[in-house]
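K.L.:
Have a look at the structure that comes next, please.
The values are calculated or read from the model by the stated rules, or taken from the named source; none is laboratory data. Given the structure is predicted, the values throughout are model-derived calculations rather than measurements. Here Cβ is always computed from backbone atoms with ideal geometry, including for glycine, and neighbour counts include all displayed protein chains. Ligands, DNA and RNA are stripped out before the accessible areas are found, and what is left, the full protein with its side chains, is counted by its heavy atoms. Shrake-Rupley method; radii C 1.70, N 1.55, O 1.52, S 1.80 Å.
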Amino acid sequence: MKRPTDKAEEHDWIEQYLFGKMTKEEAVFFENELKNDKNLTKEMENVQQIHKRIQEVFLEQNALNTLKKLQALDRRRITVFKVFKYAGFLAAACAAFIVYLSSSPTQFPNSENDFTVVRKANPTSMTPQQHYVFDQFFEGQAHIAEGQYTLAIKNLETVVQFNDLRPYFREAAQWHLAFAYLKNGDTVRAEQLYLQFSNCLDCEYPVSKIDRWKVWWQIQYSKLF
């Protein structure tokens, strides 16, 4: 049994293993090669990441198509109960949509890491309070990424209480704070912040429609259960 030497053939070889298309003997040979070759392990991880991203794009596109169908059925605000009402004739699509909203991670846009979080701020002449708000904003984001939602809430509540914020960063802080509230089990305050953006026409922080729906669905699910 020989290992492929051509890159394209090696890629196909890895996919055969990942998708269970090898015989038992071929799989044992592949696993032995994997143990002894770090480059092969790295290449397999790359192939896995490519297929994971393809699947995420496919699921997101299906979710967006389902959302359009649901919105076409009722232009008014769709509640959890309406989703289940329509599930009779959109059962498969709704089920896939709900699974996607429940399991897919929410992704907020990266915030500009500059000193203009605060209005009229100048990196050479910022007041101690302006520096503090700047640090709290990015510490809050870091704590969310680490799953430390209680600490993130403390950071971001400090930020939104500051009066002299740029609108972009106030919205960014509020979105992240709503998410931290939600993950910390405070559904009421999460929904209060979310509703501020539900019909926003002039918002500056560009959260995508699908990520808005993820937050909305997780709030509704938390309220029911």
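K.L.:
Cβ-Cβ under 7 Å, sequence separation 6+ or interchain: first residue in the stretch 188-215 and closer than 15 Å to Phe169 by Cα and of a type outside the set (Phe, Trp, Tyr), partner modelled with pLDDT of 85 or more and assigned to a loop (DSSP other than H, G, I, E, B). Which pairs?
P.N.:
Listed by first residue and then by second, the contacts come to Cys203/Phe197.
K.L.:
Would you please list the contacts, defined by Cβ atoms under 6 Å and residues six or more apart or on different chains, that run from a residue in the stretch 24-46 that is among the aromatic types (Phe, Trp, Tyr) to a residue that is open to solvent by 40 Å² or more (accessible area, probe 1.4 Å)?
P.N.:
That search, which allows pairs on different chains as well, returns Phe29/Met1; Phe30/Tyr17.
K.L.:
How many residues are within 10 Å of Ala180 (Cα to Cα) and crowded, with 19+ Cβ neighbours inside 10 Å if we restrict to the stretch 150-166?
P.N.:
The total comes to 3.
K.L.:
Right, another one. Determine which member of the set Gln16, Gln49 is exposed (fewer than 11 other Cβ atoms within 10 Å of the Cβ) and part of a helix (DSSP H, G or I).
P.N.:
Among Gln16, Gln49, only Gln49 is exposed (fewer than 11 other Cβ atoms within 10 Å of the Cβ) and part of a helix (DSSP H, G or I).
K.L.:
Against the definition (open to solvent by less than 30 Å² (accessible area, probe 1.4 Å), of a type in the set (S, T, N, Q) and in contact (Cβ under 8 Å) with a residue 40 or more places away in the chain), how does Gln220 come out, yes or no?
P.N.:
It is true that Gln220 is open to solvent by less than 30 Å² (accessible area, probe 1.4 Å), of a type in the set (S, T, N, Q) and in contact (Cβ under 8 Å) with a residue 40 or more places away in the chain.
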